[in-house]
Amino acid sequence: MKGPIPEIPAPIWRNFKDLQEWELLHKTRPVDDKHSVLFESVTEGIHSFPGGFVVTTAADAFLNWARKSSVWPVTFGLACCAIEMMATFCSRFDVERLGMVPWASPRHSDLMIVSGTVTIKMAPMLLRIYEQMPDPKWAVSMGSCANSGGPFRHGYHVVKGVDRVIPVDVYVPGCPPPPESLLNGLLLLQEQIKHFKRTGQRAAPNEKVD
Amino acid sequence: MSPDDARSAIGARFSGAEVGTGTPLMVTVAPGHWAELAGFAKETLGCCFFSFLTAVDWKEQGLEVVAKVDNLDDGLAVMMKTRLGPGVSTCASLTPIYRGANWMERECWDMFGIRFDGHPDLRRILLEDTWEGHPLLKSYAVDTPHPPYR
């Protein structure tokens, strides 16, 4: 059970020296799924009622079908993997038939595809964009760099895997992964979303391959 | 001014300078003559285009600052070098002479920790202000922990 979400202070930029200082304010915010306690108690009540589980599981199945059929990835390209991601979004591979629309605002998105090298300087911004997305939200780590640092693992400036910054649901290996790989990762993600609330917790991420 | 004229002019003006024979024209001077050489290259040799400035870490022999300036009209390129010596990390700034040196010297400070005396605004340019150490020095460990991300 997570604690209450702290109130976000009004953004007064002149009080802050830089973005890092601004980020320190948000360090206490949970990155897990936020949910309503009232809604949860109501659904638990229905679930414990005799025969009520039919309603809740059917509602869960319906809601998860809706969630998995309209995963909107936020447009977030970091490096060369973004080229393959764009190819996946375009007409030849066409993820729109899976209900995915690349969206230019994190506030309307459900999925973040971390496509590329995450540097230490970029990590606070990445976390910030992730925090702007509404729950429930998912993250796909695309390519060797985002999985583990990749060829830049021994560089001085690279985060050794984006899972040190945000929770990751699907790892897509490759350098860069071709659109087919990413498409497979997105299908894996849809499988995970299908079992989202019904099991009471998130499915474990797929096995990490570097 | 042709490269041969430039070579003889530099040799006449800076007695202690090592002047190379190839292209671009390599000039190595003592750190004390660094800004003077840059001023000479700009005013007398007509090298008005500042190409780049960087540094080399020669471990025990200390740091070496390298800069290249060009005279685009005459096709003359001058590569200026100076050895700071072991343990020394201060150098004269070229920013009063070439404005293009400003960010190059900030990057050099960022990566090698060379303090340029006379630079108007010597801050880190690529890494964040809270970064510890200068990563392109040979003594910098690549796996230096950097909380909270590594």
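When all protein chains stay in place and ligands, DNA and RNA are ignored, the 1.4 Å accessible-area order of A:R153, A:R128, B:R13, largest first, is B:R13, A:R153, A:R128. Here the extension length gained between A:I83 and A:S70 equals 2.4 nm, from 0.36 nm per residue of separation less the Cα-Cα distance. Once the Cβ-Cβ distance of A:F49 and A:H195 is raised to the sixth power relative to R0 = 35 Å, the FRET efficiency obtained is 0.90.
With both residues required to sit in the protein assembly as shown, DSSP beta bridges show an antiparallel share near 50%.
Each distinct pair of alpha carbons in segment B:3-117 adds a 1/r term; the inverse of their mean, the Kirkwood radius, is 14.1 Å.
3J(HN,Hα) couplings calculated from phi for segment B:106-119 with the Karplus curve 6.51 cos²θ - 1.76 cosθ + 1.60 (θ = phi - 60°) are, in sequence order, 5, 5, 5, 5, 5, 8, 10, x, 8, 8, 9, 6, x, 6 Hz; Gly and Pro show x. What does the accessible area per residue of segment B:3-117 come to in Å², with a 1.4 Å probe and no ligands, DNA or RNA counted? With all protein chains present, segment B:3-117 gives 47 Å² per residue. When the Cα positions of A:G116, B:F112, A:Q132 are compared along the charge dipole of the protein assembly as shown, A:Q132 comes out farthest toward the positive end, with charges on each C-beta of Lys, Arg, Asp and Glu. Looking only at B:G87, B:G113, B:G39, which one moves most when chain B is put into a Gaussian network model with springs between Cα atoms under 10 Å? Highest fluctuation of the listed residues: B:G87.
Bridges between two residues of segment B:59-150, per DSSP, are antiparallel at a rate of about 75%. Antiparallel beta bridges, as assigned by DSSP with both residues in segment B:3-117, represent about 70 percent of the total such bridges.
Remark: relative contact order (chain B) = 18 percent; criterion is Cα-Cα distance under 8 angstrom and separation of 6 or more residues. Rank B:E18, B:E64, B:E132 by mean-square fluctuation in a GNM of chain B with C-alpha springs under 10 angstrom and give only the top-ranked residue. Residue with maximal mean-square fluctuation among B:E18, B:E64, B:E132: B:E132. Once backbone amide H atoms are built at 1.01 Å from N, B:F49 has B:D70, B:L72 as its partners under 5 Å, excluding neighbours fewer than 5 places away on the same chain.
Once the C-beta distance of B:K138 and A:D94 is scaled by a Förster radius of 56 Å, the resulting FRET efficiency is 0.65 to the nearest 0.05. Comparing Cα centroids, segment B:1-27 and segment A:165-194 end up 59 angstrom apart. Only counting protein heavy atoms at a 1.4 Å probe, give the residues of segment A:113-151, ordered by number, whose accessible area falls by 30 Å² or more when the other protein chains are present relative to the chain alone. Residues passing the criterion (a loss of at least 30 Å², heavy atoms only) are A:I120, A:K121.
Derived from the Cα gyration tensor, the three semi-axes of the equivalent ellipsoid of the protein assembly as shown are 57, 22, 17 Å, largest first.
Of B:G32, B:G22, B:G75, the residue with the greatest mean-square motion in the GNM of chain B, using alpha carbon springs below 10 Å, is B:G22. Summed over both chains, the contact between A and B buries some 1300 Å² of accessible surface at a probe radius of 1.4 Å.
The values are calculated or read from the model by the stated rules, or taken from the named source; none is laboratory data. Nothing here was measured: the structure is a model prediction, and the numbers come from that model. So basically every Cβ, Gly included, is an ideal-geometry build from the backbone, and we count neighbours across all protein chains shown. With ligands, DNA and RNA removed, areas are computed over all heavy atoms of the protein, side chains included. Shrake-Rupley method; radii C 1.70, N 1.55, O 1.52, S 1.80 Å.
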